[in-house]
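The values are calculated or read from the model by the stated rules, or taken from the named source; none is laboratory data. No experiment lies behind these values; they were computed from the predicted model shown. Here the Cβ is made from the backbone with ideal geometry for all residues, glycine too, and neighbour counts use every protein chain on show.
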Amino acid sequence: MAEVELDTSGLACPMPIVKMSRKRREMKPGDVMKVISTADGFKNSVKVWCDREKAELLEFKEEGGKLVARVKI
Amino acid sequence: MAEKCAIVCNGSEPKNVYPPFILGSTAASLGYEVVMFFIPAGGKVLKKGFLENMKLENMPDLMGLQEAIKEMGGRFLLCELALKVVPDLTKEDLIDGAEVVDAATFFGAIEGANLTFSF
């Protein structure tokens, strides 16, 4: 199970979600995507993305002024 | 079959162009099958170079959104009347992947759409 990092710092809506979907295409079920964002809506949008895409939100935290989500594909 | 999202673009001003591409890329990212329809008033949006040249500060890159929608299976349908009424717009001028269709084809393409937007 690989873990990949996707840093979307500085990008606003809808880019974090769009980049997550593009990155997902390179990943396998069970892999984990660590997504970093500074977008205001990211906390909610990552939940919606996980619900829709049948992914699991393993962790969500603030770290060094940024939002960090770990998502299992 | 995936749920569908239909988005109609009614003009070529930023207010007509940004929302369709932002919501279209979001819908595609959330697993919707996206169908975008451009009426003649929005026809030139599908002309090569148009999206590259529309840039507003602090707004996302439209070409990037268009590529994302296309990569995720979204469709860009142009009303065939646009080729008759939009000055200097020919099939050869259109971005790769744009489809010229009539209204009935659009209806067929959005059959069963769960979400519809118009800008």
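Among the conditions (1) farther than 18 Å from B:Lys91 by Cβ; (2) of a type outside the set (Asp, Glu); (3) more than 9 Å from chain A (Cβ to nearest Cβ), B:Leu46 misses just one, which is (1).
Selection over region A:15-39 of residues that are in contact (Cβ under 8 Å) with a residue 24 or more places away in the chain and either of a type outside the set (A, V, I, L, M) or within 28 Å of B:Asn58 (Cα to Cα) (or both) gives a count of 17.
Every condition in (1) in a loop (DSSP other than H, G, I, E, B); (2) in contact with a helix residue (DSSP H, G or I) (Cβ under 8 Å, 6 or more places away or on another chain) is met by B:Ile7 except one, and the failing one is (1). Pick from region B:1-30 the residues that are β-branched (Val, Ile, Thr) and over 19 Å from B:Leu89 (Cβ atoms): which of them is surrounded by the fewest Cβ atoms within 10 Å (Cβ to Cβ)? Looking at the filtered set, the residue picked out is B:Ile22.
Of the numbered criteria (1) at pLDDT below 95; (2) surrounded by fewer than 16 Cβ atoms within 10 Å (Cβ to Cβ); (3) not acidic (Asp, Glu), the one A:Ala12 fails is (2).
Which residues, taken from region B:65-88, are within 9 Å of another protein chain (Cβ to nearest Cβ) and more than 17 Å from B:Val35 (Cα to Cα)? None - no residue of region B:65-88 is within 9 Å of another protein chain (Cβ to nearest Cβ) and more than 17 Å from B:Val35 (Cα to Cα), so the list stays empty.
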